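Student: Quick one: structure below, then a few questions.
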Amino acid sequence: MNNILVADSVSKNFGDFRALNQVSIAVPQGSIFGLLGPNGAGKTTLIRIINQITMPDSGRVLLDNEPLLAHHIQDIGYLPEERGLYKSMKVGEQALYLAQLKGLSRSVAKKRLKLWFEKLEIGDWWNKKIQELSKGMAQKIQFVVTVLHEPKLLIFDEPFSGFDPINANLIKDEILKLRENGATIIFATHRMESVEELCDHIALLHQSNKILDGKLQDIKRQYKTNTFEVGLVTDNEQQLTNILKEKFEVGPADFKSLNDDLKLNIKLKNGESSNDLLMFLTTKGQVNHFNELVPSASDIFIQTVKNS
Amino acid sequence: MNHLSLVIKREYLTKVRNKAFIIMTILSPIIFIALFALVGYLSSLNSSKERTVAILDQSGQISGLFESNDNITFNYLDAGISLEKAKQDVETREDYGLLYVGDYEDVSDIANSIKFYSEDSPSLTLISSLESKLEKKLTDLKLQQEGVDIEKLRASETKIDIAQESFLGEKSSKIDNVVKLAFGGFAGYLLFMFIIIYGNMIMRSVIEEKTSRIIEIIISSVKPIQLLMGKIIGTSLAGITQFAIWVILGGGLMLIVTAIFGISMGEMQMEQQEMMQQALEQPEGQMAMQTVMNAIYNLPLTNLFVAFLLFFIGGYLLYSSLYAAIGAAVDNETDTQQFLMPILIPLILAVYVGVFTVIEDPHGTVSTVFSFIPFTSPVVMLMRIPFGVPIWQQLVSLLLLVGTFIFTVWFAAKIYRVGILMYGKKASYKELFKWLKY
């Protein structure tokens with residue numbers, strides 16, 4: 001697959017502190033790439049290197065197979081985690097300024113801004129000062145400014161912090177639309193719910209090292225435990241549990257159900273298929289619930305960080 | 001439009017549209033002129049107050065020495081009454097004070113006996129005018145007692161005004177030096193004020209970008225050095241605009257105020273002119289003006305103008321880049337103090353050297369050395385140039401200034417790059433040194 005962005009063993013030191021240690025990532029064209037990691041893992045440093053805010057000590061970064069150059073700034077849209085706007089400047093004027101810094105002409109910027117402002121229903125803010133707006137309102141403007149120059153690579157660092165659920169959804173939809181229109185998105189966060197929803201690729205940073213990366217699907221497959229959540233109605237629950245315990249690893253499960261089920265987590269041994277289990281269960285009672293436990297991104301995150 | 005000009009434009013427009021800036025720009029000259037007018041008005045009030053000074057002259061030697069004028073009435077008391085009685089009388093009449101001269105034969109004894117009694121401590125100008133007249137009178141008296149002919153002594157007094165001429169034949173006089181000092185002092189002081197006012201403004205604008213957290217958005221599209229230079233240039237242009245408005249508005253107001261308070265101001269100016277004339281021991285007004293004009297004409301004007309521009313810009317850029325670095329290193333304005341001191345010290349030193357040493361000896365060792373050190377050279381050199389500084393010295397000094405300027409901008413940009421993205425870390429000198437290696 002064609003990678004729009006490749007970081008090749010990038011390292012960065014701040015004094016004695018190693019912020020990135022030989023980190024390599026490859027972001028496929030058109031993907032939503034989750035850059036994950038606990039606080040202080042080096043996400044922001046890597047993003048700043050991609051944005052040419054800081055220079056790597058070693059390693060290189062390629063955008064569209066070219067080493068990063070000044071003009072690449074126009075191909076990237078960046079919404080930093082630490083974000084704000086000039087408080088005493090008017091919304092429209094400020095958005096125009098930031099758009100022009102990204103290489104748009106004044107007239108084009110104005111036209112696109114009007115469209116976006118209409119889309120997000122913030123048209124009447126044009127002449128307001130930022131200090132008159134709420135934090136969430138200001139975030140909307142930052143989002144517009146980030147995507148206005150229609151960059152091929154968008155980098156969002158914790159984009160949903162500060163948004164209420166309605167606006168967070170609105171922004172999420174816009175992000176998905178941008179991807180449909182051909183943009184690639186890097187998405188740095190430590191909030192796993194949004195990763196689950198949006199990302200198709202992830203890389204996990206921990207203590208300045210990359211400890212995991214790949215397609216989210218593949219990673220999940222790799223981390224699956226062959227455990228199934230089972231709910232069934234049977235006459236003799238105790239007896240069945242004992243029989244199952246002999247054949248499989250069994251634990252209690254917790255899920256919602258309409259019936260008064262026996263709820264269990266059953267882990268298959270190597271070589272056993274889910275069909276075997278299901279067939280066995282159907283002979284013992286009425287199966288109402290049968291569901292493979294897929295590891296959540298959050299589980300994988302916590303597990304890998306702990307193990308490393 | 002390229003990034004630098006965009007940044008300059010934004011910095012300039014935000015500065016000049018800022019309410020505080022507009023108010024300062026308009027109000028400052030008004031307040032200044034109003035204060036000036038107030039002082040003029042008050043001092044005219046003050047001097048028009050009539051004072052009565054009683055004189056009890058028991059020696060009989062100073063009768064008729066003091067003549068009453070518009071401001072002070074001298075009231076000679078009857079020499080027969082006692083000092084105690086005289087004091088009581090003066091107090092009940094609420095006179096300003098009592099000058100007492102004792103009854104002695106010997107002039108030295110008379111001099112020692114002179115006293116001034118008053119309710120409050122008397123005005124210094126009054127006392128010194130009394131002293132100078134008494135001194136003169138008693139000196140004459142003593143000379144007469146020694147048998148010296150006063151007339152002959154007067155006639156033999158000789159005034160000297162040394163005509164100065166360089167080996168190249170350039171004539172100059174003391175008034176030349178005063179004009180040169182005025183020019184140099186003005187240029188140096190202007191630079192000093194400009195650096196302090198607008199350097200601070202740059203620093204605050206950097207801090208604002210940090211605290212509003214917009215910096216990372218900006219810095220992902222503009223190089224730090226472009227942002228830094230844009231800030232410095234934009235703020236300077238706003239500063240020049242403000243200065244121009246001050247000069248125009250101030251000049252206009254000054255004209256109006258002088259027209260209204262015409263007479264009192266005129267008097268003040270007359271007094272000043274008189275003082276100047278006395279100080280310079282120059283002939284009457286017209287001639288003095290002529291000399292001043294000549295002195296200005298004699299200045300190396302082209303050199304002065306070019307040097308002013310270059311040293312002003314160089315010095316300003318040098319210091320403002322440091323101000324920007326400070327802004328980048330701290331989180332809020334209260335933390336700036338520890339870093340501001342090392343900047344202000346050379347600046348104040350420059351002004352002191354300029355004021356005290358250059359006047360004394362414009363080409364002496366101290367003045368010359370300080371006019372080469374980049375951190376003091378803009379101010380000191382600007383003060384020296386009116387006295388004629390060899391071009392090579394100016395060039396070397398300028399070269400050093402530009403070199404240092406390039407270094408400080410590099411240094412500032414380095415601090416700036418790292419500092420603008422550092423939050424919450426209390427910057428210390430040790431920390432800053434580490435940043436240089438990032």
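The values are calculated or read from the model by the stated rules, or taken from the named source; none is laboratory data. Remember, predicted model here, so these are calculated numbers, not experimental data. Here the Cβ positions follow ideal geometry from the backbone for every residue, glycine too, while neighbour counts run over all protein chains shown. These area figures cover heavy atoms from the full protein model, side chains too; ligands, DNA and RNA do not enter into them. Shrake-Rupley method; radii C 1.70, N 1.55, O 1.52, S 1.80 Å.
Student: Answer yes if at least one residue in the stretch B:10-19 is surrounded by fewer than 12 Cβ atoms within 10 Å (Cβ to Cβ) and either more than 14 Å from chain A (Cβ to nearest Cβ) or over 30 Å from A:Ser107 (Cα atoms) (or both), and no otherwise.
Tutor: For the stretch B:10-19, residues surrounded by fewer than 12 Cβ atoms within 10 Å (Cβ to Cβ) and either more than 14 Å from chain A (Cβ to nearest Cβ) or over 30 Å from A:Ser107 (Cα atoms) (or both): absent.
Student: Filter the stretch A:237-265 down to residues that are touching a Lys or Arg at 6+ places or on another chain (Cβ under 9 Å) and open to solvent by less than 80 Å² (accessible area, probe 1.4 Å), then give me how many there are.
Tutor: Number satisfying all stated conditions: 9.
Student: Ok, one more. Exactly one condition in (1) open to solvent by less than 50 Å² (accessible area, probe 1.4 Å); (2) more than 30 Å from B:Gly388 (Cβ to Cβ) is false for B:Lys115; which is it?
Tutor: (1)
Student: OK, next. How about the stretch A:44-63: which of its residues are touching a His at 6+ places or on another chain (Cβ under 8 Å) and either facing chain B (nearest Cβ under 9 Å) or not in a strand (DSSP E or B) (or both)?
Tutor: A:Gln52
Student: What number of residues in the stretch A:247-292 are in a loop (DSSP other than H, G, I, E, B) and not charged (D, E, K, R)?
Tutor: Result for the stretch A:247-292: 12.
Student: With the stretch B:124-238 as the region, which helices (runs of 4 or more DSSP H) entirely inside it contain at least 3 residues that are in contact (Cβ under 8 Å) with a residue 60 or more places away in the chain?
Tutor: Ranges flagged: B:124-145, B:174-211, B:215-219.
Student: With A:Met89, A:Met55 as the choices, which residue is on the phi < 0 side of the Ramachandran plot and open to solvent by 40 Å² or more (accessible area, probe 1.4 Å)?
Tutor: Only one candidate qualifies: A:Met55.
Student: Among the candidates B:Thr368, B:Thr302, single out the residue that is β-branched (Val, Ile, Thr), open to solvent by less than 70 Å² (accessible area, probe 1.4 Å) and farther than 30 Å from B:Gly419 by Cα. Walk me through it before giving the result.
Tutor: Details: B:Thr302 fails: open to solvent by less than 70 Å² (accessible area, probe 1.4 Å).
After ruling out the rest, the residue left standing is B:Thr368.
Student: Now a separate question. Tell me, please, whether a residue that is closer than 25 Å to A:Ile53 by Cα, among the charged types (D, E, K, R) and out of contact with any helix residue (DSSP H, G or I) (no Cβ under 8 Å at 6 or more places or on another chain) can be found in the stretch A:90-109.
Tutor: The answer is yes; a qualifying residue exists.
Student: Could you please let me know if A:Phe160 is surrounded by 15 or more Cβ atoms within 10 Å (Cβ to Cβ), more than 14 Å from chain B (Cβ to nearest Cβ), of a type in the set (Phe, Trp, Tyr) and within 24 Å of A:Leu176 (Cβ to Cβ)?
Tutor: Yes, satisfied.
Student: Would it be correct to say that A:Ala188 is assigned to a strand (DSSP E or B) and either polar (S, T, N, Q) or assigned by TED's automatic domain parsing to the domain that holds A:Gly103 (or both)?
Tutor: For A:Ala188, the condition - assigned to a strand (DSSP E or B) and either polar (S, T, N, Q) or assigned by TED's automatic domain parsing to the domain that holds A:Gly103 (or both) - is met.
Student: From the list A:Ile166, A:Ile141, A:Ile219, A:Ile211, exactly one residue is open to solvent by 10 Å² or more (accessible area, probe 1.4 Å) and part of a helix (DSSP H, G or I). Which is it?
Tutor: A:Ile166
Student: Being in a strand (DSSP E or B), within 11 Å of another protein chain (Cβ to nearest Cβ) and touching a Leu at 6+ places or on another chain (Cβ under 6 Å), is that true of even one residue in the stretch A:97-109?
Tutor: No, because not a single residue in the stretch A:97-109 is in a strand (DSSP E or B), within 11 Å of another protein chain (Cβ to nearest Cβ) and touching a Leu at 6+ places or on another chain (Cβ under 6 Å).
Student: Given (1) surrounded by fewer than 16 Cβ atoms within 10 Å (Cβ to Cβ); (2) within 14 Å of chain B (Cβ to nearest Cβ); (3) at pLDDT 90 or above, where does A:Leu176 come up short, assuming only one miss?
Tutor: (2)
Student: Now for a separate question. Looking only at the stretch B:10-63, which residues are β-branched (Val, Ile, Thr), touching a Gly at 6+ places or on another chain (Cβ under 7 Å) and part of a helix (DSSP H, G or I)?
Tutor: So in the stretch B:10-63, the residues β-branched (Val, Ile, Thr) come out as B:14, B:16, B:22-23, B:25-26, B:30-31, B:33, B:39, B:52-53, B:55, B:62.
Pick out the ones that are also touching a Gly at 6+ places or on another chain (Cβ under 7 Å) and you get B:33, B:53.
Hit for the stretch B:10-63 is B:Ile33, nothing else.
Student: Please go through the stretch A:117-153 and give me each residue that is β-branched (Val, Ile, Thr), over 26 Å from the mean Cα position of the chain (by Cα) and within 14 Å of chain B (Cβ to nearest Cβ), ordered by number.
Tutor: A:Ile130
Student: Additional query: Output the number of residues of the stretch A:244-286 satisfying the condition of being touching an Asp or Glu at 6+ places or on another chain (Cβ under 9 Å) and β-branched (Val, Ile, Thr).
Tutor: 1
Student: Name every residue in the stretch A:67-78 that is within 18 Å of A:Ala183 (Cβ to Cβ), assigned to a strand (DSSP E or B) and more than 8 Å from chain B (Cβ to nearest Cβ), in order of residue number.
Tutor: Correct list: A:Gly77 only.
Student: Okay, next question. Does B:Lys171 count as at pLDDT 85 or above, open to solvent by 60 Å² or more (accessible area, probe 1.4 Å) and of a type outside the set (Ser, Thr, Tyr)?
Tutor: Working: at pLDDT 85 or above: no; open to solvent by 60 Å² or more (accessible area, probe 1.4 Å): yes; of a type outside the set (Ser, Thr, Tyr): yes.
Against the criterion (at pLDDT 85 or above, open to solvent by 60 Å² or more (accessible area, probe 1.4 Å) and of a type outside the set (Ser, Thr, Tyr)), B:Lys171 does not qualify.
Student: Moving on to the next point. Listed residues B:Glu165, B:Glu208; which is within 30 Å of A:Leu154 (Cβ to Cβ) and either in contact with a strand residue (DSSP E or B) (Cβ under 6 Å, 6 or more places away or on another chain) or open to solvent by 50 Å² or more (accessible area, probe 1.4 Å) (or both)?
Tutor: None of the other options fit; the residue is B:Glu208.
Student: Same structure, new question: Looking at the stretch B:211-246 only, could you name the residues that are open to solvent by 40 Å² or more (accessible area, probe 1.4 Å) and within 14 Å of another protein chain (Cβ to nearest Cβ)?
Tutor: B:Thr211, B:Arg213, B:Lys223, B:Ile225, B:Gln226
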